[in-house]
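Report on one structure; see the data block that follows.
Readers should treat all values here as calculations from the given coordinates under stated rules, not as data from a laboratory. This is a predicted model, so every value here is computed, not measured. Note that we place each Cβ from the backbone using ideal geometry, even for glycine, and neighbour counts take in every protein chain shown.
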Amino acid sequence: MITLLNDQFSQLNTFLHERSFSKIFILVDENTHEYCLPVLLGNMETDLAFEILEIEAGEEMKNIQTANQLWEILTEMQADRKALVINLGGGVITDMGGFVASTYKRGIQFINIPTTLLSMCDASIGGKTGIDLMHYKNMVGTFTFPEQIFVYPQFLETLPFKELRSGFAEMLKHGLIADKLHWDNLIKIQKLDVESLLPHIQTSMAIKQDVVDQDFHEKNIRKTLNFGHTIGHAIESSCLEQGNPILHGEAVAAGMICEAHLSYLEGLISKEDSEMIIDNVRRYYPYLDISDFKDEDLSALLLNDKKNTEKKINFSLLSAIGSCVFDHECTQENIQKSLHFYRK
Ligand code: NAD
Ligand code: ZN
């Protein structure tokens with residue numbers, strides 16, 4: 001079980017002392033270099049040599065070019081199979097660093113130290129690593145668990161509000177798919193800040209971990225974590241393609257609105273429940289203008305979603321607040337209706 005840590009990095013130091021690594025590579029982006037690395041280096045106790053690998057911040061960097069640069073640097077710096085990669089950052093760093101480490105020399109060890117709310121509650125847990133391809137999200141990747149995940153909530157203190165709100169979308173999703181009480185507690189939050197979110201982070205981490213433990217390779221129940229992500233990823237990819245990237249959680253929030261409405265259209269939840277969900281998600285997130293996205297472009301993106309088989313679009317949809325079905329095939333008409341509903 002992963003827990004929130006308030007131990008002055010003692011568990012991390014114990015881990016580094018107990019294991020014999022040849023060298024440490026710390027992967028950061030420009031922001032985690034500035035805000036998080038000094039905290040880590042100020043507390044990390046090790047005699048091992050370490051190198052800092054820095055990439056530019058942002059989803060646009062989560063691609064094969066960056067992975068290639070990192071593989072080359074690891075090679076030039078003679079990283080061997082006993083090297084350790086420490087991913088210090090948000091989901092882009094944990095996805096990218098996990099991918100690079102799990103493929104370099106057929107896999108070297110890595111740990112995640114998530115520094116965004118989204119990566120603490122979601123991206124750093126579960127062993128999915130990966131990069132985007134063209135403008136499709138997470139098209140290339142591996143299922144590889146990190147050796148450990150160390151979650152220090154103090155990193156959230158420097159996180160910008162928009163990023164905090166982005167992570168909150170995944171927390172809302174956890175409540176909607178698996179735990180009504182968690183959802184009820186989250187929607188009571190009036191002001192999104194670290195203090196009000198802190199008591200709920202552990203619950204979200206536990207929900208994600210529990211689902212992954214039951215179905216690591218996403219054959220069944222893990223698919224429920226994709227609620228809001230089928231349409232959400234299509235919106236996120238469209239924005240990325242247009243050179244106007246939005247935050248992952250913002251796309252997921254829009255996706256959850258569409259897919260809550262879709263759950264109602266498909267007869268899975270009541271109109272009252274769908275409206276209650278949508279009203280609450282809307283309270284926290286600004287409207288995304290997707291009016292100039294063409295239906296056929298979004299449909300093409302939906303068809304390319306990794307969850308599909310045989311050209312059918314499979315959705316994870318709500319069957320109640322706190323319960324989710326997966327592999328649900330929707331009619332094209334209802335999918336279009338749910339997008340039009342959002343546009344209105
Ligand atoms: P991110 O990694 O881009 O971080 C968001 C921004 O916050 C960046 O600019 C970063 O530099 C900055 N930042 C990070 N920590 C900071 C701190 N403590 N103080 C100040 N600034 C800080 O994005 P994210 O929202 O953490 O993650 C999104 C990514 O995660 C997406 O690529 C998404 O696909 C992926 N994801 C993966 C999984 C999975 O299971 N692997 C699950 C959910 C999301
Ligand atoms: Zn997500």
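Quick notes on this structure:
- Distance between the C-alpha centres of segment 240-273 and segment 329-343: 10 Å, rounded to the whole angstrom.
- Ordering Asp292, Asp80 by the number of other Cβ atoms within 10 Å of each residue's own Cβ, fewest first, gives Asp292, Asp80.
- Against the compact-protein benchmark of 2.2 N^0.38 Å, the Cα-based radius of gyration of segment 1-143 scales to 0.98.
- Prolate/oblate/rounded label for segment 254-298 (Cα gyration tensor, a/c 1.5): oblate
- If the segment from Leu48 to Glu18 were pulled out straight at 0.36 nm per residue, it would be longer than the present Cα-Cα gap by 9.6 nm.
- Shape call, segment 122-165: gyration tensor on alpha carbons, a/c limit 1.5: oblate
- Shape of segment 144-215, Cα gyration tensor, a/c cut at 1.5: oblate
- Ranked list, fewest to most other Cβ atoms within 10 Å of each Cβ, for Thr46, Thr103: Thr46, Thr103
- Taking each residue as 0.36 nm, the span from Arg282 to Thr158 lengthens on full extension beyond its C-alpha to C-alpha distance by 42.1 nm.
- With Cα atoms, 0 to 90° folded angle of helix 332-343 axis to the chain main axis: 80 degrees
- Over the residues of the chain, the helix contribution to mean residue ellipticity at 222 nm works out to -14500 deg cm²/dmol, using -39500 (n - 2.57) for each DSSP H run of at least 4.
- Rounded to the nearest 0.05, the FRET efficiency derived from the C-beta distance between Thr3 and Leu198 at R0 = 22 Å is 0.95.
- Distant-in-sequence amide H partners of Ser319 (H built 1.01 Å from N, under 5 Å): Cys324, Val325
- Pairs from the list Lys62/Lys294; Lys191/Lys344; Lys180/Lys219; Lys180/Lys294; Lys128/Lys162; Lys82/Lys223 with a Cα-Cα gap above 30 Å: Lys180/Lys294; Lys82/Lys223.
- For Phe25, residues with placed amide H under 5 Å, excluding near neighbours: Glu51, Leu84, Val85, Ile86
- P(r) of segment 161-343 over all Cα-Cα pairs, binned every 10 Å from zero, in whole percent: 10, 40, 38, 12, 0
- The label-point distance for Ser270 and Lys188, in a model that sets each label 7 Å from Cα toward Cβ, rounds to 2.2 nm.
- Values of log10 I(q)/I(0), in the order q = 0.18 Å⁻¹, for segment 108-263 under a Debye, Cα-only, solvent-free model: -1.23
- The listed peptides 47-53, 112-118, 206-212, 35-41, ordered by packing as a protection proxy, come out as 112-118, 206-212, 35-41, 47-53 (highest mean of other Cβ atoms within 10 Å first).
- Alpha-carbon Rg with Dmax, taken over the chain, Å: 19.8, 62
- Couplings 3J(HN,Hα) for segment 295-301, derived from phi with the Karplus relation 6.51 cos²θ - 1.76 cosθ + 1.60 (θ = phi - 60°), are 3, 5, 5, 5, 4, 4, 5 Hz, where x marks Gly and Pro.
- Applying 1/(1 + (r/R0)^6) with R0 = 25 Å to the Cβ-Cβ distance of Gln214 and Leu181 gives a FRET efficiency near 0.80.
- For segment 185-261, the Kirkwood estimate of the hydrodynamic radius, built from every pair of different alpha carbons, is 14.3 Å.
- The Kirkwood hydrodynamic radius of segment 249-344, based on inverse pair distances between different Cα atoms, is 13.7 Å.
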